[in-house]
Amino acid sequence: TMEACSKFLLALSAIMSHWIIVLHGFQPLSSILIETAVIALDEESYIRASPSVLGLNSQDRNREWIALEYRASRPAADDWIGVFSPSNFSSMACPPENIWVGTPYLCAAPIKYQFVNSSNPDYTVTGEGRLKLLLINQRLDFSFALFAGGLKNPKLVSVSNTIAFDNPNAPLYPRLAQGKSWDEMTVTWTSGYGTAESQPFVEWGPKGREQRLSPAVTLTFDRSSLCGPPARTVGWRDPGFIHTSFMKELWPNSWYSYRLGHELLDGTLIWSEVHQFKSSPYPGQNSLQRVIIFGDMGKDEVDGSNEYNNFQPGSLNTTRQLTDDLENYDIVFHIGDICYANGYISQWDQFTAQIEPIASSVPYMLASGNHERDWPGTGSFYGNLDSGGECGVLASTMFYVPAENRAKFWYSTDYGMFRFCIAHTEHDWRKGTEQYNFIEHCLASVDRQKQPWLIFLAHRVLGYSSDEFYASEGSFAEPMGRDDLQTLWQKYKVDIAFFGHIHSYERTCPIYQNICTSEEKDFYSGSLNGTIHVVAGGGGASLSQFASQKPSWSIYRDVDFGFVKLTAFDHSNLLFEYKKSSDGKVYDSFRISRGYRDILACAVDSCPRTTL
């Protein structure tokens, strides 16, 4: 419409050049030089979107396929359509980064895009076509823009009408997490309702029985909370409000139902759908317990958007496998590099929508990675640009973890016969640091008679990996990674250490100081005498390659997308399985069978050097 075009005209006419970080091509949106866009509005071109109101007739009121009709008078193969939300842009909300940087008057990149000819091969001949896109409720309205000139020299040709969801403020995308005690479950969700206009809460209780209400706390953030571009510039988008409620004093291994609620000032109640979860077993409880572990999954678009340099091609397969198999596992650990938003804030909504079937049903526990935390001058151990200016704010706000300080992101959690110690590799872990002391306390404080399965998790590989980069460094792990920690793993007899960061799968023998402590590969009976190290970073991001030479301690390597499943049958028997995301089949496995006496048994550096 002319009104929509005039809004774009006002915003675009004042565009000035400014600095924007392009992060190794990891984020498809970073390929668009949106700050260089120029106006080329063409009256003979158009783009129209329907329906105008979303969420009225679809089965899922917060997701809907929409139809676009478009025409370009001078079609070209590199024309593209961008999805913008909010539908118009204001130059008033774009502060400069520093005195050398001009104000970016076009305040936001599109939340996703597609090349026009990807859905219509005849487009360059006819100039016309249709396109279907899947939209999720992201609190604000949408418009669609047709650009010529490709991604590097975008020229605005036409802007569509505005469309929106029926209730853009609705409570959305619940994600469960373990609380600070075994009998507490938390639920976090996103909405457009601030505390000045509504009271957030969760209604919950034993399934089929009387329900109760628990209030929720509310967080949000603005540009000033972030550390740099693009998060503070073209990647910025209002995150809405993030609410967390605490469901306490749960009975172990019991089914509960819950739904999210908001009471508006006039007394109107806004409800989500009803969800259910199974509460955690108490520490030491002898029951079937099943755990999923992977890293580096990211997100992807069901409708094929963001296909240019798409960095997470396996993400949807992993999500589908876990969604289809929900009845056969109890808790998920996503160990860093969560959604690869890299400063494009809208992508966190896309990710929480993608994992909703999983995270609304089982605890979805996180570790923080370089793409969540790292930014120069902000206290991260690595001073690189991988977070795109997010510097940990998004990960610690969008998800709950039972850490004493969520900005530091290390914590422990108990699940029945398991003790999990989750480290934060983007903070210093070396001996003498606060995190090192936490790790030792986590490992030392577990009662192995009750919780025999001791698991260490972190993002970067602090243990062992034959990835080609680590091999070229000569460290076969993160430099300084295991220098201090391997002493703790051995002393406290950690069973398995899991890592992400490397986008592939690898399993080692039980190992200590580069020496295998067992020649077994498939069945371990008795004491391990070392720790098995596993890289499970094939959740979805583009795959990494191994060094050509395979070290003697490397038992199984696979350059493919996949995840790990642990099954504790009782205090003495554990099954490990590596499954591929493409088909869900098992490609590597082993068993551990032992008694408590085997855990107590002494190995090198695992007991005092002298006894009476």
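Just so you know, in region 520-543 the residues that are touching a Gly at 6+ places or on another chain (Cβ under 9 Å) and of a type in the set (Gly, Ala, Ser) include one that is most open to solvent (accessible area, probe 1.4 Å), and it is Ser542.
Total residues in region 457-495 satisfying the condition of being assigned to a helix (DSSP H, G or I) and among the polar types (S, T, N, Q): the figure is 4.
With respect to (1) of a type in the set (S, T, N, Q); (2) open to solvent by less than 30 Å² (accessible area, probe 1.4 Å); (3) farther than 30 Å from Ser315 by Cβ, the lone exception for Thr567 is condition (3). Taking the stated definitions as given, is Cys509 in the same structural domain as Val291 (by the TED database) and free of Cβ contacts under 8 Å to residues at least 40 places away in the same chain? It is false that Cys509 is in the same structural domain as Val291 (by the TED database) and free of Cβ contacts under 8 Å to residues at least 40 places away in the same chain. Only one entry of Glu249, Glu273, Glu263 meets the criterion of being of a type in the set (D, E, K, R) and without any contact (Cβ under 8 Å) to a residue 24 or more places away in the chain, and that entry is Glu273.
Hey, among Arg406, Arg460, which residue is within 22 Å of the chain's Cα centre (by Cα) and open to solvent by 40 Å² or more (accessible area, probe 1.4 Å)?
Step by step, each of Arg406, Arg460 is checked, and only Arg406 is within 22 Å of the chain's Cα centre (by Cα) and open to solvent by 40 Å² or more (accessible area, probe 1.4 Å).
Identify all residues within region 146-179 that are charged (D, E, K, R), assigned to a strand (DSSP E or B) and open to solvent by 10 Å² or more (accessible area, probe 1.4 Å); write none if there are none. If the condition is that a residue be charged (D, E, K, R), assigned to a strand (DSSP E or B) and open to solvent by 10 Å² or more (accessible area, probe 1.4 Å), then Lys155 is the only one that fits. Among the residues of region 31-41, those identified as assigned to a loop (DSSP other than H, G, I, E, B) and open to solvent by 30 Å² or more (accessible area, probe 1.4 Å) are Leu33, Ala40, Leu41.
Residue by residue, here is whether (1) over 25 Å from the mean Cα position of the chain (by Cα); (2) under 30 Å from Phe456 (Cβ atoms); (3) not polar (S, T, N, Q) holds:
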position: Trp236; (1), (2), (3): no, no, yes
position: His243; (1), (2), (3): no, no, yes
position: Lys248; (1), (2), (3): yes, yes, yes
position: Leu269; (1), (2), (3): yes, no, yes
position: Pro281; (1), (2), (3): yes, yes, yes
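Listed here are the residues, each with its yes/no results for (1) outside any strand (DSSP E or B); (2) in contact with a Gly (Cβ under 8 Å, 6 or more places away or on another chain).
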residue	(1), (2)
Ser181	yes, no
Thr186	no, yes
Tyr193	yes, no
Val202	no, yes
Gly205	no, no
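So which residues in region 192-240 are among the hydrophobic types (A, V, I, L, M, F, W, C) and within 30 Å of Asn253 (Cβ to Cβ)? I'd like the intermediate steps shown before the answer.
Taking region 192-240 and keeping what is among the hydrophobic types (A, V, I, L, M, F, W, C), we get 196, 201-202, 204, 213, 216-217, 219, 221, 226-227, 231, 234, 236.
If the condition is that a residue be among the hydrophobic types (A, V, I, L, M, F, W, C) and within 30 Å of Asn253 (Cβ to Cβ), then Phe201, Val202, Trp204, Leu213, Ala216, Val217 are the ones that fit.
Does region 471-487 include one or more residues that are crowded, with 20+ Cβ neighbours inside 10 Å, in contact with a strand residue (DSSP E or B) (Cβ under 6 Å, 6 or more places away or on another chain) and in the same structural domain as Leu543 (by the TED database)?
Within region 471-487, none of the residues are crowded, with 20+ Cβ neighbours inside 10 Å, in contact with a strand residue (DSSP E or B) (Cβ under 6 Å, 6 or more places away or on another chain) and in the same structural domain as Leu543 (by the TED database).
Restricting region 216-237 to residues that are over 25 Å from Ala170 (Cα atoms), part of a loop (DSSP other than H, G, I, E, B) and modelled with pLDDT under 95, the residue that is most open to solvent (accessible area, probe 1.4 Å) is Arg232. Sub-6 Å Cβ pairs linking a first residue in region 583-607 that is in contact (Cβ under 8 Å) with a residue 12 or more places away in the chain and farther than 10 Å from Asn529 by Cα to a second residue that is acidic (Asp, Glu) and assigned to a strand (DSSP E or B), at least 6 apart or interchain, are Ser589/Glu577, ordered by first then second residue.
Residue count for region 412-445 satisfying the condition of being assigned to a helix (DSSP H, G or I), over 16 Å from Pro402 (Cβ atoms) and either open to solvent by 10 Å² or more (accessible area, probe 1.4 Å) or not assigned by the TED database to the domain that holds Tyr382 (or both): 5. In region 50-68, the residues that are exposed (fewer than 12 other Cβ atoms within 10 Å of the Cβ) reach residues that are hydroxyl-bearing (Ser, Thr, Tyr) and modelled with pLDDT of 90 or more with C-beta atoms within less than 9 angstrom, at least six apart or across chains, in these pairs: Ser52/Thr162. Do we have Ser572 as surrounded by fewer than 24 Cβ atoms within 10 Å (Cβ to Cβ), touching a Gly at 6+ places or on another chain (Cβ under 8 Å) and closer than 28 Å to Tyr492 by Cα here? Yes, satisfied.
Each residue in region 369-403 was checked for being among the small types (Gly, Ala, Ser), in a loop (DSSP other than H, G, I, E, B) and buried (at least 19 other Cβ atoms within 10 Å of the Cβ), and 7 pass.
The values are calculated or read from the model by the stated rules, or taken from the named source; none is laboratory data. Computed from a prediction, not measured in an experiment: that's the story for all the values here. Heads up, the Cβs are rebuilt from the backbone with ideal geometry, glycines too, and the neighbour counts pull from every protein chain shown. For accessibility, only protein heavy atoms count, side chains too; no ligands or nucleic acids. Shrake-Rupley method; radii C 1.70, N 1.55, O 1.52, S 1.80 Å.
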